[in-house]
Amino acid sequence: MNGKECDNCIANCDQSSFSSSCNMPILRRSSRLVKIANPAVVKKSPYFAGSKPSENQLVSRSGSKTSKKDAKQDEFQSDCRTKFEPENWKRVLENIRQMRSEKNAPVDVMGAEKCADQWEARPEVTRFHVLVSLMLSSQTKDQVTHSAMEKLKSHELTVDSILQTDEKTIGTLIYPTKAKHIKETARMLKETYDGDIPNTVENLCKLPGVGPKMAHLCMNIAWNQLTGIGVDTHVHRISNRLGWVSKETNIPEKTRLELESWLPR
């Protein structure tokens, strides 16, 4: 199961799908930990490797110690490597797939992979389209994002064209607040990546306005590489409601770590 598929399967399920009148009795919260006779033979999640780092190991690549925030994140990630597995999750997932089988939600026809020009543009331009569409999608409906992408593409949406266009003009095509991020991103791509987009989650997250969710989705769509699950506020909320986390999480990033700790890759 890949990150995009999980995102598409779960993100469009609204709360009404899980009402008491639904014929899906297995959609109930469960925080049961799976009992395993021999913990030594348990396979670790393919998304992670290694064990909880010691205090001496909590150093950055530059050699300096990490912040307390980074240390707490590492500790949470280590806690996610438990033997937790939600009860009946395969049956729940299959029911969700059946509900989504028609693929008629806005994300299916107006998502990031649909916004990019995949036929006429050069590969690096297509990847730039994917990145921009994901940046525009933040807290925005798919219909609005798709419309904004069409306006940008009619203006010619490339790294060079964005650099040659002033921020005010870009702001007339899309939200002015996002025009600044796109302009700055184009500059960074030109100076650092020869006009292409980064090919790692770490470097994608260095771009303005890009977080882990966008980065993982961008790696999947633009580079065809599975690096993780894209968890937005909807996936975060529904995952907690389904009991797909060992303990309740309060932010999408913690939900992502929980999901990646047990979902098959």
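The values are calculated or read from the model by the stated rules, or taken from the named source; none is laboratory data. These numbers were taken from a predicted model, which means no experiment stands behind them. All Cβ positions, glycine included, derive from the backbone under ideal geometry; neighbour counts span all protein chains shown. When the accessible area is computed, the model is the full protein with side chains, heavy atoms only, and any ligands, DNA or RNA have been set aside. Shrake-Rupley method; radii C 1.70, N 1.55, O 1.52, S 1.80 Å.
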Q. Pulled fully out, how much extra length does the chain show between Lys103 and Glu191, if you take 0.36 nm times their separation in residues and subtract their Cα-Cα distance?
A. 27.8 nm
Q: Grab the other residues whose beta carbon is less than 10 angstrom from that of Val109, score K and R as +1, D and E as -1, and report the net.
A: 0
Q: Determine the share of region 120-211's accessible area contributed by carbon and sulfur atoms, expressed in whole percent, with a 1.4 angstrom probe.
A: 49 percent
Q: Using a 10 Å cut-off on Cβ atoms, rank the peptides 170-177, 209-216 from the highest mean neighbour count down.
A: 209-216, 170-177
**Q.** Distance in nm between pseudo-label sites at Glu253 and Lys83 (7 Å out along the Cβ direction from Cα)
**A.** 3.1 nm
**Q.** Mean separation of Cα contacts under 8 Å, 6 or more apart, over the residue count of region 132-239: relative contact order %
**A.** 19 percent
Q. Excluding ligands, DNA and RNA, what is the solvent-accessible area per residue of region 126-265 at a probe of 1.4 Å, expressed in Å²?
A. 45 Å²
Q. Given 0.36 nm per residue, what is the gain on full extension from Arg122 to Leu163 after removing their alpha carbon distance, in nm?
A. 13.0 nm
